[in-house]
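First comes the structure, then the notes that go with it.
Only the coordinates and a few stated rules stand behind these numbers; no lab work does. Because the structure is predicted, anything quoted here is derived from the model rather than measured. Heads up, the Cβs are rebuilt from the backbone with ideal geometry, glycines too, and the neighbour counts pull from every protein chain shown.
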Amino acid sequence: MLKQKSFPLSAVCTSVTCALLMANSASVFAETVFTDTARAETTIDSSSIRAEKSSFDDTEYRTSQMNFGGVGLMQMPTGRMAPEGEFNFSASFNNEYYFYNVSLQVMPWLETTIRYTQVQDLLYSGGADQDCSQNSFSGCTKYTDKGIDFKLRLIEEGYYLPEVSVGVRDFGGTGLFDGEFVAATKRFGPVDFTLGMAWGYMGTSGNFTNPLCKASDKYCERPSDYKGNGGSVDFERWFKGDAAIYGGFEYQTPYKPLTLKLEYDGNDYSQDFPVVRGGVDMTQHTPWNVGAVYRFTDWGSAKVSYERGDTLTLGFDLSTNFNEMYSVWRDTETAELRPSGVETVDDIDMAALASQLETIAGYEQAQILVDDNSIVVKGTQVKYRDRDIAVERGATVIANAVPSYIDTYKIIENDKSMELTETTVNAQAFKAAANNNYLNAQTRDASHTHELERKKSVIYHDGRERFDVSISPNLAQSFGSAENFYLYSLGLYTNASFWALNNVELSGSLYVNLVDNYDKFNYTVPSDGTDQTPRVRTLFRSYVDDPVRLDRLQLTWFEDYGSGVYTQAYGGYLESMFAGVGGEILYRPFNQNWAIGADMTAISQRDPESWFGTFDQEIQVNPDDSSRTYKVIDKGTTGFITGYYTPQWDFLSDTLLKVGVGKFLAGDIGTRVDFSKQFKSGVIAGAFVSLTDMTTEEYGEGSYTKGFYVSIPFDLVTVKPSSSRSGFTWLPITRDGGQVLNKQYNLFDQTDARSPWFQRPSSVK
């Protein structure tokens with residue numbers, strides 16, 4: 001249930017298969033994950049130039065999506081921003097292009113868009129006059145371009161000032177649609193006017209002299225080549241070449257579901273990819289485009305437009321807002337405070353108390369200890385992101401079970417045997433608050449969360465389980481690959497773990513494939529001039545042939561040394577493609593906005609022909625062509641020093657920055673930057689990039705590693721409270737440079753309770 005009638009997230013994931021959020025690319029596939037975070041962008045604070053809102057605001061106005069995704073008219077963007085946290089999946093279709101877009105308003109001043117564009121008249125490979133069925137690699141797959149856009153707000157709309165934004169389309173793409181713009185938008189009653197200037201694809205008509213050309217000759221010409229590898233950010237092209245003035249307006253009709261649009265287009269379509277490469281006729285008969293948007297619900301709309309004087313475009317939008325989503329739970333009833341009826345701690349039914357602590361308060365596998373007049377509970381919180389709820393429920397359960405002379409309840413939260421936080425509850429004060437003995441009584445007034453005191457106590461009950469087995473489904477997907485636009489694999493992970501000692505775990509996972517279309521996936525070893533790069537990820541196809549395969553098998557030793565110092569040591573088959581031994585150390589002060597850690601792992605690449613074997617030679621022969629060889633990692637190392645920081649700045653509120661410096665799997669050295677934003681509901685959206693000493697030629701298609709992800713709390717899509725998450729990762733292309741080890745455990749994630757990020761409670765009112 002959502003605060004406003006926003007489209008349910010679970011329905012988004014089901015109906016459009018989480019759109020591009022779950023997409024990976026070409027050769028490596030996005031997998032469902034259960035934790036992750038981070039990214040970095042340029043920021044502009046407009047607070048200093050805000051003005052009072054216009055009094056013309058007498059008609060409800062909703063932003064709408066353009067064909068390319070993002071707030072705009074039809075072909076052209078506006079200066080307008082959507083509400084913070086708004087997520088849109090949109091699609092538009094005409095004779096030349098099919099656009100599939102995902103847009104997210106990350107900040108009030110930052111809009112981002114991910115786009116797939118299918119060119120209808122062109123194939124990935126082969127000429128238009130060639131029988132595509134004879135193409136052994138990509139067959140009849142239509143050419144698909146991947147693009148990333150962003151828009152920054154410079155000035156927020158005021159009484160006199162318009163909303164002004166600057167943006168870049170196809171940031172770091174192939175150059176098919178790249179362009180830049182500056183747009184100003186002002187609303188007068190039901191009409192939202194836009195005037196803008198565009199360069200590149202959006203300014204092809206050249207109806208206005210580029211003003212920057214007057215300042216410097218270097219802005220007069222714009223390179224017209226298409227970058228086959230894509231991925232590189234070509235700043236040298238920005239704001240160069242022909243410019244065009246564009247504009248238009250949106251009219252909110254008195255009939256609220258209907259909005260009308262009129263647009264003067266800055267593109268004349270003479271340089272579009274189908275025209276240049278395929279000879280397709282895209283003659284622009286008029287620069288005026290007209291369109292309409294019909295909102296059939298608060299979360300969905302249909303749109304139609306007539307463009308270029310001869311082109312009909314149809315589309316739809318689905319939307320929700322991550323700042324407004326909240327859950328409705330069918331939760332276990334809260335225990336009511338009552339006299340315990342026991343005289344001593346020996347009279348306590350410890351097994352029943354541990355069971356209630358798990359079912360009612362969410363403290364799993366609890367240990368119960370007694371220290372004089374204090375009772376201590378140690379457990380892992382698996383139910384509530386809001387620790388106030390967990391502590392209140394847990395303290396009530398304890399109060400109902402222990403004798404009256406127990407004056408202090410201590411709840412120690414742990415994870416993987418590592419103790420993280422301690423909450424002390426004053427029994428007398430808690431009972432007074434629970435019984436409303438004073439005005440504005442709050443049970444949280446009786447509790448205090450602090451650094452661990454680590455006192456010795458007598459164990460009365462140990463609820464830890466040594467052995468655990470679970471089964472979890474997995475859907476791996478890829479969009480936009482050359483072999484087929486949509487590739488997928490559906491299977492089951494069978495997981496098992498055994499605690500040999502209190503802090504030593506033996507764990508393993510088997511993957512059972514149920515169904516896939518990987519028979520269309522023939523990308524094994526690329527023949528693109530990157531032969532000197534070790535194949536640490538582009539051998540993925542070789543690892544997914546067997547329907548049943550060993551995903552991981554490892555021994556892990558966890559240790560916490562107190563004062564925020566935590567370690568893990570691990571060895572075994574660490575992921576589907578690598579084995580090794582290594583360790584990690586993390587320093588994370590209690591309730592601070594920073595942490596620092598380091599990890600190092602000696603690795604050996606697993607042999608895809610064997611469950612337990614690894615490569616013993618660096619040079620391997622291509623099984624499809626014995627004349628070609630490729631490199632693997634028979635023996636190597638990888639590791640990073642990583643800093644974690646949560647900025648306390650208003651314009652970067654609720655964000656996490658992770659920066660790691662070290663050595664990647666292929667031996668390249670560089671840095672990995674991860675930046676993420678958390679919305680009020682707890683949904684996290686982030687981006688990451690790896691920049692290394694590997695050249696773009698050595699890396700190949702994509703130029704460098706980057707990706708995006710969304711992490712969703714389970715309690716938003718289920719009817720039960722949960723502290724767990726599910727994540728969806730999208731990689732435009734996966735190659736071998738800038739790749740990291742997919743470790744089973746990450747200490748920053750495991751110690752989240754010390755300064756919650758992943759388990760922050762929802763702040764949706």
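Annotation: amide H of M694 within the under-5 Å range of I669, sequence separation 5 or more or interchain, hydrogens built in the peptide plane.
Within a straight-line Cα-Cα reach of under 20 Å, K663 can be paired with the following lysines, leaving aside sequence neighbours fewer than 8 residues apart in one chain: K631, K635, K706, K743. Under the simplified labelling scheme, the T359-D445 pair shows an inter-label distance of 3.3 nm, with each label point 7 Å from Cα along Cα→Cβ. Net length available on complete extension from D749 to L262 is 170.4 nm, with 0.36 nm assigned per residue and the Cα-Cα distance removed. Approximating the spin labels as points 7 Å out from Cα along Cα→Cβ, the E559-to-S224 distance works out to 6.7 nm.
Rounded to the nearest 20 debye, the dipole magnitude of the chain is 1000 debye, with +1 charges on Lys and Arg beta carbons, -1 on Asp and Glu beta carbons, and the Cα centre as origin. Dipole of segment 345-462 computed with +1 at Lys/Arg Cβ and -1 at Asp/Glu Cβ about the Cα centre; of I411, N440, G379, farthest Cα towards the positive end is N440. Legend: distances between Cα atoms for K146/K720; K256/K680; K218/K658; pairs beyond 30 Å are K146/K720; K218/K658. Taking K and R as +1 and D and E as -1, what net charge do the other residues with C-beta under 12 Å from the C-beta of K410 add up to? Charge balance near K410 sits at -4. Based on DSSP H segments of at least four residues, each scored -39500 (n - 2.57), the chain has a per-residue ellipticity at 222 nm of -2000 deg cm²/dmol. Of Y561, A595, Q648, which is farthest towards the positive pole of segment 497-754's charge dipole, taken about the Cα centre with +1 and -1 on the beta-carbons of Lys, Arg and Asp, Glu respectively? The one lying farthest along the dipole's positive direction is Q648. Set against the labelled values (i) 52, 30, 24; (ii) 49, 35, 22; (iii) 47, 33, 26, semi-axes √(5λ) of the Cα gyration tensor in Å computed from this structure falls on (ii). Restricting attention to the chain, close to 95% of DSSP beta bridges with both partner residues there are antiparallel. Rounded to the nearest 20, the Cβ-based charge dipole of segment 578-653 about its Cα centre (Lys and Arg +1, Asp and Glu -1) stands at 260 debye. Mind checking which lysines have their Cα closer than 26 Å to the Cα of K261? Skip sequence neighbours fewer than 8 apart in that chain. Within the straight-line limit of under 26 Å, K261 reaches these lysines: K5, K53, K151, K186, K303. Inter-label distance, R277 to Y160: 5.0 nm, where each label sits 7 Å from its Cα along the C-beta direction. Taking other C-beta atoms within 10 Å as the exposure proxy, F612, F150 rank F612, F150 from fewest upward.
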